[in-house]
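Student: Before anything else, here's the structure in question.
Every number here is computed from the coordinates shown, using simple stated rules; none is lab data. This is a predicted model, so every value here is computed, not measured. Reconstructed Cβ throughout: ideal geometry from the backbone, glycine too, with neighbour counts over all protein chains shown.
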Amino acid sequence: MSDSHERPEREAHKPWLYRRGTINGVFWGLLGLCLVLGLADLFYHRHTVFGFEAFPAIYGIFGFVSFVFIVFAGIGLRKLIMRDEDYYDG
């Protein structure tokens with residue numbers, strides 16, 4: 001039987017963090033929190049140093065773009081410095 005169509009009695013025996021309802025709840029909770037914080041960013045005045053900092057949600061966008069850059073840089077770095085499996089043997 002595949003994991004995507006498990007019976008409810010098997011779902012109850014899983015640890016709470018692996019249950020489908022918990023995963024969905026965490027996802028929707030984080031999404032809701034991001035939306036609330038993004039909307040709250042529109043309603044207060046920030047004292048900025050640079051002009052681009054006044055853009056709404058700039059810190060969240062900057063963090064996401066930085067994260068994507070780090071992931072792709074890591075993929076490239078892995079290809080650059082990866083060694084064979086038996087590199088340290090003999």
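Student: Starting from the Cα-Cα distance between F55 and D84, subtract it from 0.36 nm times their residue separation and give me the gain in nm to one decimal.
Tutor: 5.8 nm
Student: Please check the chain for the longest run free of chymotrypsin sites (Phe, Trp or Tyr not before Pro) that are loop-located per DSSP (anything but H, G, I, E, B) and have at most 16 other Cβ atoms within 10 Å.
Tutor: 1-43
Student: Looking at the range 45-80, which trypsin sites (Lys or Arg not before Pro) are DSSP coil and have at most 13 other C-beta atoms within 10 Å of their C-beta?
Tutor: Answer by residue number: R46.
Student: Based on the inverse mean of 1/r over its pairs of different Cα atoms, what is the Kirkwood hydrodynamic radius of the chain, in Å?
Tutor: 18.3 Å
Student: Could I ask something else about it? Could you compute the net charge surrounding F55? Neighbours are other residues with a C-beta less than 12 Å from the C-beta of F55; K and R count +1, D and E count -1.
Tutor: Residues close to F55 contribute a combined charge of -1.
Student: Grab the Cα-Cα distance for T48 and R20, subtract it from 0.36 nm times how many residues apart they are, and report the gain in nm with one decimal.
Tutor: Gain in length upon complete extension: 5.8 nm.
Student: Quick one: Karplus J couplings for the range 28-40, per residue in order, coefficients 6.51, -1.76, 1.60, θ = phi - 60°, nearest Hz, x for Gly and Pro?
Tutor: With coefficients 6.51, -1.76 and 1.60, one gets 5, x, 5, 5, x, 4, 4, 5, 5, 5, x, 6, 5 Hz.
Student: Lys and Arg at +1, Asp and Glu at -1: add these up for the other residues within a Cβ distance under 14 Å of V71 and post the number.
Tutor: +2
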